[in-house]
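This report refers to the structure that appears directly beneath it.
The values are calculated or read from the model by the stated rules, or taken from the named source; none is laboratory data. Source: prediction; values computed, not measured. Cβ atoms come from the backbone with ideal geometry, glycine included; neighbour counts cover every protein chain shown. Side chains are part of the model used for accessible areas, which takes the heavy atoms of the whole protein and leaves out ligands, DNA and RNA. Shrake-Rupley method; radii C 1.70, N 1.55, O 1.52, S 1.80 Å.
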Amino acid sequence: MGNSRVEILVGCFLICGFLALGWLALRLGEVPWLIEAKSYALNAEFNNISGVKAGADVQIAGVVVGRVRQLSLNGDRQAVVAMQIDRGIVIPVDSVASVKSQGIIGDKYIQITLGGDKASYKPDGTIVDTESSVDLESLISKFAFGQVK
């Protein structure tokens with residue numbers, strides 16, 4: 001009888017361990033159906049997104065409110081940034097999306113400057129009022145070779 005009690009205790013311990021491991025995997029992993037429940041999709045069209053990568057932050061006033069999900073080209077040969085924005089964040093239609101850099105040579109991220117319009121973007125909407133990335137390498141090379149006027 002004492003032996004079966006130990007086996008039951010070990011079984012309960014293993015079940016608790018597996019449940020904790022599963023919970024941790026869901027919290028740390030990017031499970032698509034779990035992420036989409038807490039956020040909504042929003043796109044932005046840019047002329048140049050040099051340096052932005054999938055997984056980059058999307059910020060409003062320095063606060064991370066989402067992540068870049070995917071980068072692609074549209075039919076007009078503009079870069080489209082697909083973002084996942086936290087569900088509680090409302091973005092007015094006159095907002096501006098910009099490509100910014102953490103410091104001089106830091107990672108690139110998307111900064112959204114909120115407008116004041118009462119209408120807001122719906123899920124899967126597209127921000128067209130954007131400011132593209134400044135290419136420091138080309139500016140430095142133009143300056144070094146005297147092409148800046």
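Residues of the range 112-128 that are part of a loop (DSSP other than H, G, I, E, B) and touching a strand residue (DSSP E or B) at 6+ places or on another chain (Cβ under 8 Å): LEU114, GLY115, GLY116, ASP117, LYS118, ALA119, TYR121, PRO123, ASP124, VAL128. Regarding the range 63-84, can at least one residue be identified that is among the polar types (S, T, N, Q), in contact with a Gly (Cβ under 8 Å, 6 or more places away or on another chain) and either modelled with pLDDT under 90 or surrounded by fewer than 15 Cβ atoms within 10 Å (Cβ to Cβ) (or both)? No, there is no match, as no residue in the range 63-84 is among the polar types (S, T, N, Q), in contact with a Gly (Cβ under 8 Å, 6 or more places away or on another chain) and either modelled with pLDDT under 90 or surrounded by fewer than 15 Cβ atoms within 10 Å (Cβ to Cβ) (or both).
Quick check on the range 30-41. Is at least one of its residues at pLDDT 85 or above and hydrophobic (A, V, I, L, M, F, W, C)?
Taking every residue of the range 30-41 in turn, at least one turns out to be at pLDDT 85 or above and hydrophobic (A, V, I, L, M, F, W, C).
Among the residues of the range 61-91, those that are assigned to a loop (DSSP other than H, G, I, E, B) and among the basic types (Lys, Arg) comprise ARG77, ARG87.
Every residue in the range 49-79 that is touching a residue at least 60 places away in the same chain (Cβ under 8 Å) and closer than 16 Å to THR126 by Cα, please. First the steps, then the outcome.
Pass one, the range 49-79, residues touching a residue at least 60 places away in the same chain (Cβ under 8 Å): 49-52.
Matches in the range 49-79: ILE49 only.
Within the range 80-92, residues that are free of Cβ contacts under 8 Å to residues at least 24 places away in the same chain have Cβ atoms under 6 Å from residues that are in a strand (DSSP E or B) in no pair, counting only partners at least 6 apart in sequence or on another chain. Pairing each residue of the range 1-30 that is closer than 30 Å to GLY55 by Cα with any residue that is at pLDDT below 80, provided the two are 6+ apart or on different chains, yields C-beta distances under 7 Å for LEU26/LEU34.
Quick check on the range 127-139: of everything there that is at pLDDT 70 or above and open to solvent by 50 Å² or more (accessible area, probe 1.4 Å), which residue is nearest to SER50 (Cα to Cα)? Step through it out loud before you land on a result.
In the first step, residues of the range 127-139 are kept if they are at pLDDT 70 or above; the result is 127-133.
Restricting the remaining residues to those that are open to solvent by 50 Å² or more (accessible area, probe 1.4 Å) gives 128-129, 131.
Working: VAL128: 17, ASP129: 17, GLU131: 12 Å.
Among those residues, the one meeting the criterion is GLU131.
Note on the range 16-29: residues that are at pLDDT 80 or above and open to solvent by less than 60 Å² (accessible area, probe 1.4 Å) total 3.
Counting the residues of the range 87-100 that are open to solvent by less than 70 Å² (accessible area, probe 1.4 Å) and touching a Ser or Thr at 6+ places or on another chain (Cβ under 8 Å) gives 8.
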